[in-house]
Amino acid sequence: MFAEDLPPYLLPLQCAAALPENPPYWQGRSLKDIIKEAEKNIIRKVLACNHGNRMKTARDLAISRRALQYKIEEYSLAGANEES
């Protein structure tokens, strides 16, 4: 994973300086919600890079295919780049 894969609010503070300050991007959001959003975005990007191949995506993310399936369902990513 690279810094450019992270949402702006997870970048180091010097990079986050370009974000609007009023209100801060993360204000009113729980850490759990922020992490879930980041995870969803990363899964979506890796699925796209792998042309929807879930087995390769699971390997690239170092998780089981079943865990990936669960996360795809949890984040409503099913249908995006369908391929096993």
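Since every read-out is calculated from the coordinates, none of them should be taken as a lab result. Predicted model, so just to flag it, every value in this text is computed and none were measured. Glycine gets a Cβ as well: all are built from the backbone with ideal geometry, and neighbour counts include every protein chain shown.
For Lys56, a cut-off of 23 angstrom between C-alpha atoms picks up these lysines, skipping any fewer than 8 places away in its own chain: Lys36, Lys40, Lys45, Lys71. Annotation: peptides 65-75, 28-38, 51-61, ranked by per-residue average of other Cβ atoms within 10 Å with the highest first, follow the order 51-61, 65-75, 28-38. For region 29-84, the spherically averaged projection of the C-alpha convex hull amounts to 3.5 nm².
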